[in-house]
1. Whenever you get a sec, line up R218, R334, R470 from highest to lowest accessible area (probe 1.4 Å, protein heavy atoms).
2. Might you work out the accessible area of Y446 for me, using a 1.4 Å probe with all protein chains in place, and round it to the nearest 10 Å²?
3. For H189 and R397, calculate 0.36 nm times their separation in residues minus their Cα-Cα distance, and state this gained length in nm to one decimal.
4. Work out from phi, with θ = phi - 60° and the Karplus expression 6.51 cos²θ - 1.76 cosθ + 1.60, the ³J(HN,Hα) of each residue of segment 244-249, listed in order in whole Hz, and give x for Gly and Pro.
5. Tell me which residues come under 5 Å, amide H to amide H, from A495 once H is placed; ignore anything under 5 positions away on its chain.
6. Work through the residues other than E468 whose Cβ is under 10 Å from its Cβ and net out their charges, Lys, Arg +1 and Asp, Glu -1.
7. For T329, T307, T496, give the ranking by accessible area with the largest first, probe 1.4 Å.
8. Full extension from K376 to A290: what is 0.36 nm times the residue separation minus their Cα-Cα distance, to one decimal in nm?
Amino acid sequence: MVGGRSQPDRSTTNVTPSTAPPAHSMHPSRSASAFILLLSLTASLGCNRDHPVVAESVDPGRAKAAAMLVAATERFAVPVTDAQPWLGPEDARVTVVLFEDFQPSTNVFGQVERARAHHPDVRLVWRHRRTVGARAGILAREAFVQQGNGGFWKLHRRLQDEQDFTFPDRVLAEHAKAMGLDATRLETHEHDSALDADDALAHALDAWSRDAVFINGRRVKMPSWDESEVLAAILAEEIELADTLLALGVPAADLYATFTKDARPELPEAERDRIYRIDGRVPDPAAVYAVPIEDAIVAGKADALVTIVAFVPLGCLECMPSLGSTFPTPSALRTEHPDDVRIAYMPTLGLLARRNPDTSPRLLAWRAALEAHAQKGVDAFWPLQELLVESSEDTTRSMVSGWAEKLDLDPAALTAAIDSDARDQALIEREKLGASLGVSSPWITYFVNGRRLSMLERPDELNAVIAEQRARANRLIEAGVSPDRLYDTIIANGATAPQFLPDGTCR
């Protein structure tokens, strides 16, 4: 890698599986077919010099053969420079670029490492996805700048093992101190450009909403919990193809440039995949669900044209400010649609609090928010939950006292509430309801008059669906439906379990 940084100790990051995956489970005849194609191309092309060379040392005819082999699979030109952390040899036959945010929800990093255990001649390049781990990304960049690859991967391993994966400042400060890093660097903006570049690239490649892997520029989706065997098979294919390119005369140091030379720079918006799968099946985006709101915290008029049920897991609070205009937060929706949209807020316990219920500071904050609602209704709950979204600090009793004074709440009852698990079961029940409707924790999911959308998929369609449902509601009113019966009428025959498209079809 350019820049002369020393290679990290790969033994600290590799995870060795108990059994080796089948190396050629996807295309067992790939090697033979590649060899036949190699012979035919080199025989027919000879010294044809009208094609741009792949490298100066490669015969133009062979360069054209190499280009044709590479072009047989769609690839993307994902830049790899010395500005990204990496593992593995610089001239590896295969380069894997991973967009990741330190979250353990799918642990694609672990899958890649299990696959790499069987293919050591693979380079892994890391890029940051700005979702929940935004401030963790700042610290990771600082570790990379100060301590190189070794420091970055040491911090990466610590963050992967962290129980509180929303990474509040207290947790990040502890990791910084343990590694000899200055935690005050979290407050600077020196790394914004690097993180913004990764974020923009993730959006351009449609890699923002999920962990994404690009293998020699080849885009690989990660639809299920563990695809390490599939990854290993694809790595084997790409290694065989790299061997063919080496036989054609492509220098090892030029392999990645050869794979991505004529690749696509981005995925056009119209082609970006908004498909979310449940157990491998594609949910029907047009399905209407019967989502009850009796247990929700409701803000807005009963006769609103559009009712949005918002399932908001505890662990997703920190991702709210970074969602942007493509997927407004519940508070932003209230501001944008003050008259004809009603928000039915469904706070859920979420993965984080279920893993560590006794010490999660965000759980204590949610308990305070629910107590505020119990004391003074939605007018107290809403500003308090907004304070939680905006704050990156852990909840303390002094903070709770401040909230009580600011919102004119009973301070003793508020303090007692954060020490009580009396309302936790209600949060769990809301989460169970969401799961029965296809909600994927820890992501925010909205049901717009029963139509399901989540920040994990189709975020840019939210405003269009709101407009569509507003028009539908007006038609129902014109047909004689009472405004205060709109929502009940719309979801009367709604589904109570995930609805799927027919097998083999996509949106």
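1. On the way: R218 35, R334 90, R470 55 Å².
Ranked from most to least accessible, the order is R334, R470, R218.
2. 0 Å²
3. 71.8 nm
4. Karplus values, whole Hz, x for Gly and Pro: 5, 5, 4, 5, 6, x.
5. For A495, whose amide H was placed from the backbone, the distant partners under 5 Å are V288, Y289, A290.
6. +2
7. Per-residue accessible area, sorted high to low, gives T496, T329, T307.
8. Value of the extension gain: 28.1 nm.
The values are calculated or read from the model by the stated rules, or taken from the named source; none is laboratory data. As the structure is a computational prediction, the values presented were derived from the model and not from experiment. Positions of Cβ are generated from backbone atoms using ideal geometry, with glycine treated the same way; all protein chains shown enter the neighbour counts. Side chains included, ligands, DNA and RNA excluded: accessible areas come from the protein's heavy atoms. Shrake-Rupley method; radii C 1.70, N 1.55, O 1.52, S 1.80 Å.
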